[in-house]
Structure formats: structure tokens, C-alpha cells
Ligand code: TYM
């Protein structure tokens, strides 16, 4: 049974990459299959965080979900820490995943930096919690940006090892679903599905406005490097005006952008915001200098983002409403994850007391 799950960390500075690479893509999926969108606050504490700010940043991501057009009556919107099953399944997965697998995660290496000995164990185990987020709902489809690809491969590896290691129990207890894509590596009945990453479109990797070789990121110290979802129209226009470019006019074909990361990035942003392909954008602006393209991009970005920013600010003025959405969503999420965890506990062989 198909189901979408995705999550965004409440670490502040939500930006255009989070919107185009993820949140905007969540919206149409809610009409295609049951959808669950999570604010992953347990992930936000894997690096040093300020407890006084966490509730506010959690509400900010929720407001972005709602303002982007996710309907809390259709999709489930909730924050991770309200549903205990995530942490419980993550523990089981910590005992499935291998240290070697986690040691290869590039995001851990980047975030831990040189002083790896001093990184939290939670930062190391981050991907097992992410696998638990997805598999506690037996979700099949996960829309994310390109930077999450490796984590989703690990999620599949964990599901696969669980299905293999406990194949006998799964069968004996009658808890398996037939494997839709039979293969020699997998038993014919699975408890956890093998998740499909959804990484597609012109915006899977939006780059920094200051350096076309670095991804746009919440933690970049330069605010000019990113367009924040709560920037004013003036700030958006200014950041696009100041975005790094090269002196050449825009080419007529994608090949002409190969060695021009900043230009390619701005064309990708234009394409994603307008819903056109990059080729269509280039045929519209072929031969034009950035003095023409940038104002057009700024107008488009303000047109698309300003109404959302306004709606986010309106929603954030009423935190009680946001909290009620999250509470309701957490209740509905638990109703799905609760039975999955009950079955997972039986598969593991835990003695059931109550
Ligand atoms: P996070 O909070 O870093 O980012 C949220 C989403 O935004 C995407 N993204 C980008 N897309 C395009 N260009 C960029 N520059 C850019 N920067 C970020 C991310 O790929 C992501 O889709 N580990 C996840 C959160 C998570 C999760 C999950 C996602 C936790 N559990 C389960 C899916 C399923 C993260 O840190 O995202």
C-alpha cells in the first residue's frame, strides 16, 4: 500500500532549497496517496541546540507546510517527538545497522567535521532515526532533495537486513507482505517495504547564491547565500541582485551551463519557481545578460514567495492553532505507527507484558 513520508528539521533559516527541493513537492502528493509530513525535532538535537528556540522553529516549519498548501485534513502533519514510536524503532534499527554503514555517511563526516570524537552519538546514529521515521509507517515514497539520497539507501539496507534476519519470525507470525519485486537477496515476504526515493525535478540541489559549488544551507554563516522563506520582498530582490554570476550572457542550451555553476543554479531556480523546464527557460532568455535575467528572476521569486511568507507570518501569530494541528496529527500518526511497533516487538521476540 503506497504511502508518502517526509520530514524537515526545525533548525531555523528555512530556505528556498527546502521549499523547492522538498516542501513544494509534498503538496501535490497529498492528493495521490496517504501522506505524512513530519517536523523532525528529535533530529534537531543531534547538534547543539537552544531549548528556548526549539518550539518556535518547530512551529515555523509547520507554518511553512501549511502556507505551502499542505492540508492538515488530508495529510498528517506532526512533530516527531510527540510520537514515541520513532525513538523506539530507531533503537531497534541501531541494533540492525552496522557501524561500517554509518561510518560511510557523508553528511555525518561533513557535520562532525575534524573533531569527530566530540560529535554526539545521536549525530552518528541520525540515519537510523530517519529510517525509523519512514518505516514506522511502512512508507513507500519519500520526496527529498539530492542530499538525502545516501540516507535513503541506508533506509533500504536496514529494511532489507531486518526482513532477512527475521524472515522466519515474520513468516511464522503471519506479519509479512508479499515482496512485490522478488529477488534472490530477499525473502518472499517482507515486514518493511523497500522505500522508493523521490528525487526529481529542476530543484533537487539548489546551490548557495554566493558560491555555485556549495549547496544552499541553513547553516551557511552568510545570509546572502540563501533566500529564507521569511525574507521580505526587498530582501529577496537584494539577494538575487547580489547573487554571484559570471559576465557571459545566458546560452541557448543546457550544455552552455556546464562550467557555469552559478548561472546554472539561477536558471534552475527560475525553472522550479515557474514550473517550466530549464530548456524552456533558456530558450526564453537565450543571449540575455544577467542585468535582464536577474530582475525577471527577482520578480518571479517575490511573486511566488511573498504570499507564502505572508501566510506563514499570519499563522505564526496564532501558535495555539499550529500546536493544535500538530497534536491532532500526532494522534493520527500514532494510530498508524503503534500497530507497526507492536508487530515489530513481536518479531523481535520481546516478552509482552501489557
Ligand atoms: P533538512 O531539514 O536538512 O532538509 C529538508 C529537505 O530539504 C531538502 N534540501 C534541499 N533541496 C534542494 N536544495 C537544497 N539546497 C536543499 N537543502 C535541503 C532536503 O533534501 C530535505 O528533503 N534528514 C532530513 C530530514 C528527515 C527526513 C526523514 C526526510 C528526517 N527524517 C525521513 C525524509 C524522510 C534533513 O535533514 O532534511
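From the list 253, 259, the lone residue that is under 17 Å from residue 284 (Cβ atoms) and modelled with pLDDT under 95 is 253.
Flag set for residue 119, criterion: farther than 21 Å from residue 342 by Cβ, buried (at least 16 other Cβ atoms within 10 Å of the Cβ) and away from the ligand (no atom under 13 Å from the Cβ).
Being more than 9 Å from the ligand (Cβ to nearest atom), assigned to a loop (DSSP other than H, G, I, E, B) and under 21 Å from residue 131 (Cβ atoms) is the filter here; which residues of region 1-34 pass it? Within region 1-34, 1, 2, 3, 33, 34 meet the criteria.
Considering 171, 239, which residue is touching a residue at least 12 places away in the same chain (Cβ under 8 Å), part of a helix (DSSP H, G or I), more than 13 Å from the ligand (Cβ to nearest atom) and assigned by TED's automatic domain parsing to the domain that holds residue 289? None of the others qualify; the one that does is 239. Listed by first and then second residue, the pairs linking a residue in region 32-49 that is over 12 Å from residue 76 (Cα atoms) to a residue that is assigned to a loop (DSSP other than H, G, I, E, B) and within 10 Å of the ligand (Cβ to nearest atom), with Cβ atoms under 6 Å apart and 6 or more places separating them unless they lie on different chains, are 40/9; 41/10; 43/9; 44/9; 44/10; 44/11. If you go through region 247-269 one residue at a time, do you hit one that is farther than 30 Å from residue 337 by Cα and in contact (Cβ under 8 Å) with a residue 60 or more places away in the chain? Checking region 247-269: at least one residue is farther than 30 Å from residue 337 by Cα and in contact (Cβ under 8 Å) with a residue 60 or more places away in the chain. In the set 139, 131, only one residue is within 11 Å of the ligand (Cβ to nearest atom), in a loop (DSSP other than H, G, I, E, B), within 24 Å of residue 201 (Cα to Cα) and touching a residue at least 40 places away in the same chain (Cβ under 8 Å); that residue is 139.
Considering 280, 243, the condition of being closer than 21 Å to residue 222 by Cα and either at pLDDT 95 or above or out of contact with any helix residue (DSSP H, G or I) (no Cβ under 9 Å at 6 or more places or on another chain) (or both) is satisfied by 243 alone. Residue 176 meets the conditions (1) in contact with a helix residue (DSSP H, G or I) (Cβ under 7 Å, 6 or more places away or on another chain); (2) under 21 Å from residue 23 (Cβ atoms); (3) surrounded by 18 or more Cβ atoms within 10 Å (Cβ to Cβ) in every case but one. The failed one is (2). On the given criteria, is residue 37 touching a strand residue (DSSP E or B) at 6+ places or on another chain (Cβ under 6 Å), more than 10 Å from the ligand (Cβ to nearest atom) and either within 27 Å of residue 321 (Cα to Cα) or part of a strand (DSSP E or B) (or both)? No. Of all the numbered requirements in (1) modelled with pLDDT under 95; (2) out of contact with any helix residue (DSSP H, G or I) (no Cβ under 8 Å at 6 or more places or on another chain), residue 167 misses one, and that requirement is (1).
The values are calculated or read from the model by the stated rules, or taken from the named source; none is laboratory data. From a predicted model like this one, the values you see are computed outputs, not experimental measurements. No Cβ is skipped: glycine too gets one built from the backbone with ideal geometry, and neighbour counts run over all protein chains shown.
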